[in-house]
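Undergrad: Below: one structure in structure tokens.
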Amino acid sequence: MSILKVYNPIDIEVDHGDGVYLYAIDGTRFLDFTSGIGVNCLGHSHPSLVNALKSQGEKIWHCSNLFKVSGQEAVAEKLVKNSFASNVFFCNSGSEATETSIKVARKFFYEKGYSSKNRIITFEGAFHGRTLASLFAAKNPDHTRGFGPDVEGFDQVPFGDHDALEKAINQNTAAIMVETILGEGGIRVIPEDCLKGLRKLCDERGILLILDEVQCGLGRTGKLFAFEWAKIKPDIVPIAKGIGGGFPLGACLMNKKTASTMSPGSHGSTFGGNPLAMSIATVVLDYILNKDFLKNVEKVGNYLKSRLEEEVIKKHPTLVSGIRGRGLMLGIESKIKNEILIKEMINHKLLTVKASQNVIRILPPLILEEKHVDEAILKINKAFKNL
């Protein structure tokens, strides 16, 4: 094998996808409740995305940000018009978007004359990316082992420990950074009151609030951003995954005050916001920003959650104990090793994702319909009967 052994892939070689289904090279069809770990928001091979890619591919692929890139301003304007942000920086991944968030937060205080105000508070169980700074922001020992020396500038507190958070803030704190819903960390939803409390705390202590919406944003909960349920406005938000619908794209959204300290040369990206990515993001946002689309995500998400609670949890109390999450970002709490349940679901042609805290992530495409939920529940119950 020539591929670096940093993955442990399932023994399924994918040939193609169609809507909410993936097809292996032998023709086997799987109901895909992974969507590329929350990426393929419009499903696989969506005609509008295919057409956008083909059309743009015949014009220009890349020209760098030395020039004004076609589509960038239009996509940025869609995001700004529908969010707290005043400015957007385009990149290629969630890790890059997180790195941008860190840089913007530190630069803000540096330019205001507080160069020592550069530390960022994060939470145990977080996942912010695979680059060095994002790795050490999350401080998961399984991910950081062997990559020392540690990247300094991060202070971690237990998730949900308000007293520890209060104590961690000092004169060198620049920001608090947290996922609105922890994905890799076990589909843990920050309650709306807690999000409001974070906003209030940041305002009182004169620090910034960074909400990582790489996985939970872009319509996955039934709103464009998950923090909207709490009716708050963060200062900086990194996004990725769903914004590209399967094409590599990330972005960092920021409000006016934080954007004001960034200047030409302070940050950049060779491929960020390239014409191909912008053509696809335009289509993705046109779908997601449709109120009926978001209402359907919420409706189908509620239907899926209720079916899981009523027909899976109650039928298999020795295997699973509860359902977490919101919209189409759900987690099944497993009483046995989650890999066992995931493997058995694969045997019944249903694909799901592992998470921490022995949770099974449910991340279907946002085009999911109730008939697909019914199909999934049937597969899950058949799979769990074998255990």
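Read the figures in this text as sums done on the coordinates, not as results from a lab. As the structure is a prediction and not an experimental result, all values here were calculated from the model. Cβ sites come from the backbone with ideal geometry, for glycine too, and all protein chains shown count toward neighbours.
Undergrad: Take the alpha-carbon centre of region 240-311, take the same for region 134-159, and report the distance between them in whole Å.
TA: Cα centres, region 240-311 to region 134-159: 26 Å.
Undergrad: May I ask you to list the chymotrypsin sites (Phe, Trp or Tyr not before Pro) in region 17-65 that are in a DSSP loop and have at most 16 other Cβ atoms within 10 Å of their Cβ?
TA: Trp61
Undergrad: For the chain, what relative contact order do you get, as a whole percent, if you take Cα pairs closer than 8 Å and at least 6 residues apart?
TA: 23
Undergrad: With 21 Å as the limit, write out which pairs from Lys78/Lys107; Lys257/Lys291; Lys335/Lys379; Lys78/Lys233 have Cα-Cα distances beyond it, or answer none.
TA: Lys78/Lys107; Lys257/Lys291
Undergrad: To continue, here is another question. Shape verdict for region 245-333, please, from the Cα gyration tensor: rounded (a/c under 1.5), prolate (a/b greater than b/c) or oblate. If you can, show how the numbers build up before the last one.
TA: Working: a/c = 2.89, a/b = 2.30, b/c = 1.26.
Prolate.
Undergrad: Between 0 and 90 degrees, rounded to the nearest ten: what's the tilt of helix 72-81 against the longest Cα principal axis of the chain?
TA: Roughly 90 degrees, rounded to the nearest 10.
Undergrad: Okay, next question. How about Lys299: which aspartates and glutamates have a C-alpha closer than 13 Å to its C-alpha, ignoring those fewer than 8 places off in the same chain?
TA: Partners found: Glu369, Glu370.
Undergrad: Tell me which aspartates and glutamates have Cα within less than 15 Å of Lys314's Cα, excluding those fewer than 8 residues away on the same chain?
TA: Straight-line reach from Lys314, under 15 Å: Glu333.
Undergrad: Which trypsin sites (Lys or Arg not before Pro) does region 1-69 hold that lie in a coil by DSSP with at most 11 other beta carbons within 10 Å?
TA: When the trypsin sites (Lys or Arg not before Pro) of region 1-69 are filtered for loop state and at most 11 Cβ neighbours within 10 Å, Lys5, Lys59, Lys68 remain.
Undergrad: Can you list residues whose amide H is under 5 Å from Asn87's amide H, if they're 5+ apart or on another chain and H is modeled 1.01 Å from N?
TA: So Asn87 has HN proximity to Met254.
Undergrad: Under the rule of at least 5 residues apart or a separate chain, name every residue whose amide H is placed under 5 Å from the amide H of Val157.
TA: Thr122, Phe123, Glu124
Undergrad: For the chain, just say rounded, prolate or oblate: build the C-alpha gyration tensor, square-root its eigenvalues into a ≥ b ≥ c, call rounded for a/c under 1.5, and beyond that prolate if a/b exceeds b/c, oblate if not. Show your work: numbers first, answer last.
TA: Working: a/c = 1.70, a/b = 1.26, b/c = 1.34.
Cα axes put the chain in the oblate bin.
Undergrad: Right, something else. Sketch the reach of a paramagnetic label on Ile313 as a point 7 Å from Cα along Cα-to-Cβ, and name the residues of region 324-355 whose backbone nitrogen lies under 19 Å away.
TA: 324-338, 341-342, 353, 355
Undergrad: Measure nothing fancy, just the Cα-based angle from helix 275-288's long axis to the longest principal axis of the chain, in degrees from 0 to 90, nearest 10.
TA: With both axes taken from Cα atoms, the answer is about 70 degrees.
Undergrad: How far apart, in nanometres, would the label points at Ser306 and Asp163 be if each is projected 7 angstrom from Cα along the Cα-to-Cβ direction?
TA: 4.0
Undergrad: Continuing with this model, one more query. Quick one: of the DSSP bridges fully inside region 49-288, what percent are antiparallel, nearest 5?
TA: 45
Undergrad: Moving on. Compute the angle between helix 291-308 and the longest alpha-carbon principal axis of the chain, please, reported from 0 to 90 degrees and rounded to the nearest 10.
TA: 50
Undergrad: Do any chymotrypsin sites (Phe, Trp or Tyr not before Pro) in region 75-180 lie in a loop, going by DSSP, with at most 12 other beta-carbon atoms within 10 Å of their beta carbon, and if so which?
TA: Phe147
Undergrad: Can you list residues whose amide H is under 5 Å from His128's amide H, if they're 5+ apart or on another chain and H is modeled 1.01 Å from N?
TA: Those lying under 5 Å, H to H, from His128 are Ala138.
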